[in-house]
Amino acid sequence: MKNKYSIFSLIKNAFSYHENWQKAWKDPQPKKEYDAVIIGGGGHGLATAYYLAKKHDMKNIAVVEKSWIGGGNTGRNTTIIRSNYLWDASAGLYDHALKIWESLSQELNYNVMFSQRGVMNLAHNLQDVRDLKRRTHANRLNGIDAVYLNTEEVKKFCPIINTSQDIRYPVLGGTLQRRAGTARHDAVAWGYARGADEMGVDIIQNCEVKGIKRNGDSVEGIETTKGFIKTKKIGVVAAGHSSVIANMAGIKLPLESKPLQALVSEPVKPIIDTVVMSNAVHAYVSQSDKGELVIGAGTDDYVSYTQKGSHHIVEGTLNAILELYPIFSRMRMLRQWGGIVDICPDASPILSKTSVKGLYFNCGWGTGGFKATPGSGDLFAHTIANDEPHKLNTAFNLNRFISGDLVDEHGAAAVAH
Amino acid sequence: MFLINCPYCGERDQQEFKAGGEAHIKRPKQPTELSDDEWAEYLFMRKNIKGVQFERWNHAHGCRKWFNMVRDTSNDEIKATYKMGEKPPAQ
C-alpha cells in the first residue's frame, strides 16, 4: 500500500528531514512472462498501464522504458491542454481526456497542477477568422466550451498582446476555451507510475526493446537489454520511435519522426496568466509557475532522431513572439531543447490494433499528445484489454490510411496542437 | 547538419533547402490497377528509418532543383548527395 500524500504526511516527514519518504515506485527486474507489456514509459504508456490495472483488472503487466520514465516527450512538451478540435472524432477524443484531467489530481492522489487558465487561439487574416469562427460553432455543437473574441476582447483578456493593426500579421480576433490550460508534465508521468505500481504493475526502466518475436500472425514476446519477456499482448507507446518498433515487428506505419523544439526564458514575475497560441505566425506562449515563459516552436521538415533541431526554427518563432509581445524584447532565453515527434499524414493519432494479433499501437500524436494523456491511456487500455477499440477511438484506427477515412485535423484545425 | 552540398551549386546553408521526404518511392505505372492497400503503401506508409536513409531534397532558395541525399537520421550526418536519376552511392 502506498501512504497517502497529504498535508499531514508532509508535516510528519518534515520531522525526519524528508529523508524517509516511501518510494513512489519499485525498481523491479522483469519477470519471465506478463499478460501484457507496454513499450514506452512516457505519460501515455504509464496511463495505459494504470487503466489496464484499474479498469480491466490486468495486474500482471509491465511497462518497459529504454531510459527513465517521463524523460522523452512527456518531459519536453509545453504542457498545453485543450479540446477545441474541429472534427467530431477529435472533439470526442480530446474532450474525453480533458474531463479526466479535471479530477486527475484527486484520483491519483498526486498533484498534477492542472490549471484551467484558458487557451486563446489568435486569428491574423480573414481566412483565420472564418476558420476559427467555424471551429467555435463546431465545438459548441459537440458540447465543448468555446467563444469567439474580437480584437478588443483579445486585448482585454491578455493585455500584453500588441493589437496594433500596423504589424505584419495584425490580431483580427481569436477563440477562447476557458476549460483549457496547462498541467505539470513530470507529475503526470510520476502520478500514473505511482498509481500503476501500487496496483502491481512492474515499471522497468533502462530496458530497451531490441526485437519483437512473432509466431506467424501473433506476438510471442519481446527481446530487451534485460532479456526475453514472454507476452501475448504488446502495446507500443513509443512516440518518435514508433516506426523503429514497428520495423522490429515487420509492419510499416504512416509516420515521419521530426524534431520539435521548445524553449524557456529566465524566470520573471507573473505577466501572462493564460496560454496564447497563434498558428499563422507559429508562436505560442504561457508562463510556468516558476515564472519562465514557456515557448513552443515548430518542427523541422526533415526526419531526425537527434532531439535537436535547426536554429532558424527557434529564430522564426521568437521573431513572431516579439512582434506580438514587444514587452518581451529584453527577455533572455534560458534553455532550449528538442523532442522527436511522430507525425501522421492527417495530424491525428493512431490508437489501433494492427495486422499482427496482440500488437497494438498508440502513436502519431505528432506535436500535440500531452493534452490527451489520460484519455489516450484510458482508451488504449480498453483497446488492448478487449481487443476492440472503444467507440471514441474507433475513428483513429490504422486502417483509415487504406480506406481513406482520414481525420484531417492538419488542414482543418491548425498546424500547432 | 548546417551545410548541404547541392549537386548543382555546391555547399550552401541548410536554410536554402526544403526536405521532400523518403526517396526512391516508385510512382505506380498503372494507377487504375492499384488496390486500396497498394495506394496506402504508396501514399502514406514510410520507412522512417533511424539510421542511414535516402531522401529527396529541393534547393528551394537556390537553383530550385530536386536532388537526393543519403543521411544518417540518428546524428544528422550527410553521407552523400546525388542528382535525380543517378544511382545511389553504395553505403
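Numerical summary
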{"item": "Per-residue average of Cβ from other chains inside 10 Å of A:303-311", "result": "6"}
{"item": "Whichever lysines have a C-alpha closer than 17 Å to that of A:Lys357, once near sequence neighbours (fewer than 8 apart) are set aside", "result": "A:Lys213, A:Lys230, A:Lys232, A:Lys233, A:Lys252"}
{"item": "Peptides ranked, highest mean first, by Cβ atoms within 10 Å: ranges A:361-373, A:135-147", "result": "A:361-373, A:135-147"}
{"item": "Candidate lysines for bridging to A:Lys12, where Cα separation is under 20 Å - those fewer than 8 sequence places away on the same chain excluded", "result": "A:Lys2, A:Lys4, A:Lys23"}
{"item": "Ranked packing of A:106-113, A:169-176, most packed first, by mean Cβ within 10 Å", "result": "A:169-176, A:106-113"}
{"item": "Accessible-area ranking of B:Lys18, A:Lys12, B:Lys29, largest first, probe 1.4 Å", "result": "B:Lys29, A:Lys12, B:Lys18"}
{"item": "Measure of compaction for segment A:342-417 (Cα Rg per 2.2 N^0.38 Å)", "result": "1.05"}
{"item": "Cα centroid separation - segment B:15-35 against segment A:104-162, whole Å", "result": "38"}
{"item": "Segment A:82-97 versus segment A:225-297: alpha-carbon centroid distance in Å", "result": "19"}
{"item": "Lysine pairs within segment B:3-83, Cα separation less than 15 Å, 8 or more sequence positions apart or different chains", "result": "4"}
{"item": "Computed FRET value (nearest 0.05) for B:His24 with A:Asn215, which takes r as the C-beta separation and R₀ as 30 Å", "result": "0.40"}
{"item": "Label-point separation, B:Trp66 to A:Lys23 (7 Å along Cα→Cβ), nm", "result": "5.5"}
{"item": "Highest-MSF residue in chain B out of B:Glu33, B:Glu11, B:Glu55 [GNM, Cα springs under 10 Å]", "result": "B:Glu33"}
{"item": "Estimated distance in nm for a label pair at A:Lys59 and A:His410, the labels positioned 7 Å out from Cα along Cα-to-Cβ", "result": "4.5"}
{"item": "Average beta carbon contacts from partner chains per residue of A:144-150, 10 Å cutoff", "result": "0"}
{"item": "Cα-based Kirkwood hydrodynamic radius, the protein assembly as shown, one decimal, Å", "result": "24.0"}
{"item": "Other protein chain Cβ atoms within 10 Å, averaged over every residue that makes up A:396-406", "result": "3"}
{"item": "Proportion of all alpha-carbon pairs of segment B:3-83 beyond 22 Å (%)", "result": "34"}
{"item": "Fluctuation leader among A:Leu86, A:Leu126, A:Leu52 - chain A, Gaussian network, Cα springs under 10 angstrom", "result": "A:Leu126"}
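The values are calculated or read from the model by the stated rules, or taken from the named source; none is laboratory data. All figures in this text were calculated on a predicted structure; none of them were measured in a lab. Cβ: placed from backbone, ideal geometry, glycine included. Neighbour counts: every protein chain shown. For accessibility, only protein heavy atoms count, side chains too; no ligands or nucleic acids. Shrake-Rupley method; radii C 1.70, N 1.55, O 1.52, S 1.80 Å.
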